[in-house]
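The values are calculated or read from the model by the stated rules, or taken from the named source; none is laboratory data. Keep in mind the model is a prediction, meaning the values are calculated, not measured. Note: ideal-geometry Cβ built from the backbone for every residue, glycine included; neighbour counts use all protein chains shown. For the accessible areas, the whole protein counts, side chains as well, though only heavy atoms, and no ligand, DNA or RNA atoms are used. Shrake-Rupley method; radii C 1.70, N 1.55, O 1.52, S 1.80 Å.
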Amino acid sequence: MEMKQWYMEYKIHKNRPGLLGDIASLLGMLEVNILTINGVEDRTRGMLLQTDDDEKIELLGKMLRKVENITVNTLRPPKLTDILAVRHGRYIERDSDDRKTFRFTRDELGLLVDFLGELFKREGNQTIGLRGMPRVGKTESIIAGSVCANKRWTFVSSTLLRQTVRSQLSEDEMTLNNVFIIDGIVSTIRSNEKHYGLLQDIMAMPSTKVIEHPDIFIRESQFNYDVFDCIVELRNAPDEEITYENFTTAGLGDEY
């Protein structure tokens, strides 16, 4: 059998001396490799494991259920959120009602960039929405994530340095390996017919698109919420409200 990765997470009820050593010894006897280990949230430990025998993982789960000092919460093939939880020692917050919405604050930019970088490494068609107020770090995070994924980024529309509204892209830019960055407000409220035609071509490409201000993009275009594979929210503080009251068709203001 091929080598497969598994994510194991357990809650510690009594952190007695030697507990981790006992679990590591059990994994060693089963010849299950520990790739990464870290504390995840309060009194919870996560491990990224590797083995070529699924029955060993099934046996491991049964044996650990008999250990009184811990409770195994998760034992499954790893999701992206599991891998990042082990790397960074905490879980990404997700919307309880909309599970494809992920929430970050500005002090978690490192985690956000790592998350985006892993998404950008994926091949094929995907569209990511990025919500956030002006100057919170949206575009910078997309660029940093592209660097982590070793991908080239292309601005289709943006206000990072000056207002950018592209009506055409070069052959080198129209490649599936690029990350296309789209400002949802500029592309729908401040664009022209040529730009909108280019936008439709890019949205039809089997490539990665990141759309800032996805709510305005949906409101002002023929696209709907289903076009997004996931939505990322970036705030200065956890209780900050993301609002578009000042974003009008007449103009977005100098602060944008």
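Kindly indicate the residue of the stretch 120-136 that is open to solvent by 10 Å² or more (accessible area, probe 1.4 Å) and not charged (D, E, K, R) and also farthest from GLY184 (Cα to Cα) among those meeting that condition. Steps first, please.
To start, the set of residues in the stretch 120-136 that are open to solvent by 10 Å² or more (accessible area, probe 1.4 Å) comprises 121-126, 131, 133-135.
Adding the requirement that they be not charged (D, E, K, R) leaves 124-126, 133-134.
On the way: GLY124: 21, ASN125: 18, GLN126: 16, MET133: 13, PRO134: 13 Å.
That would be GLY124.
Of the residues making up the stretch 71-85, those that are closer than 23 Å to PRO238 by Cβ and crowded, with 17+ Cβ neighbours inside 10 Å are ASP82, LEU84, ALA85. With respect to the stated conditions, LEU60 is touching a helix residue (DSSP H, G or I) at 6+ places or on another chain (Cβ under 8 Å) and closer than 21 Å to GLU31 by Cβ.
Scan the stretch 46-63 and give yes if some residue there is among the basic types (Lys, Arg) and in contact with a strand residue (DSSP E or B) (Cβ under 7 Å, 6 or more places away or on another chain), otherwise no. Checked the stretch 46-63: no residue is among the basic types (Lys, Arg) and in contact with a strand residue (DSSP E or B) (Cβ under 7 Å, 6 or more places away or on another chain).
Quick grid of which residues meet (1) touching a Gly at 6+ places or on another chain (Cβ under 9 Å); (2) basic (Lys, Arg); (3) without any contact (Cβ under 8 Å) to a residue 60 or more places away in the chain:
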position	(1), (2), (3)
GLY124	no, no, no
THR127	no, no, no
MET133	no, no, no
ILE142	no, no, no
SER146	yes, no, yes
THR164	no, no, yes
SER167	yes, no, yes
SER170	no, no, yes
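Taking every residue in the stretch 53-67 that is within 15 Å of LYS4 (Cβ to Cβ) and pairing it with any residue that is hydroxyl-bearing (Ser, Thr, Tyr) and open to solvent by less than 80 Å² (accessible area, probe 1.4 Å), at least 6 positions away or on another chain, the pairs with Cβ-Cβ distances below 7 Å are ILE57/THR51.
Of the residues that sit in the stretch 137-150 and are closer than 20 Å to ASN177 by Cβ and in a loop (DSSP other than H, G, I, E, B), which one is most open to solvent (accessible area, probe 1.4 Å)?
So in the stretch 137-150, the residues closer than 20 Å to ASN177 by Cβ come out as 139, 141-150.
Right, trim to in a loop (DSSP other than H, G, I, E, B) and you get 149-150.
On the way: ALA149: 15, ASN150: 132 Å².
Ranking the qualifying residues of the stretch 137-150, first place goes to ASN150.
Please pick out the residue among LYS66, LYS56, LYS4 that is exposed (fewer than 15 other Cβ atoms within 10 Å of the Cβ) and at pLDDT 95 or above.
After applying the criteria, what remains is LYS4.
Residues in the stretch 168-222 that are more than 25 Å from the chain's Cα centre (by Cα), within 27 Å of ASN150 (Cβ to Cβ) and of a type in the set (S, T, N, Q): 2 in all. Of the residues in the stretch 16-31, none is of a type in the set (D, E, K, R) and surrounded by 15 or more Cβ atoms within 10 Å (Cβ to Cβ). Mind listing whichever residues of the stretch 35-53 are open to solvent by 70 Å² or more (accessible area, probe 1.4 Å) and over 24 Å from the mean Cα position of the chain (by Cα)? If the condition is that a residue be open to solvent by 70 Å² or more (accessible area, probe 1.4 Å) and over 24 Å from the mean Cα position of the chain (by Cα), then ARG43 is the only one that fits.
The residue that is farthest from the chain's Cα centre (by Cα), counting only those in the stretch 115-129 that are within 20 Å of ASP183 (Cα to Cα) and not in a helix (DSSP H, G or I), is ASN125.
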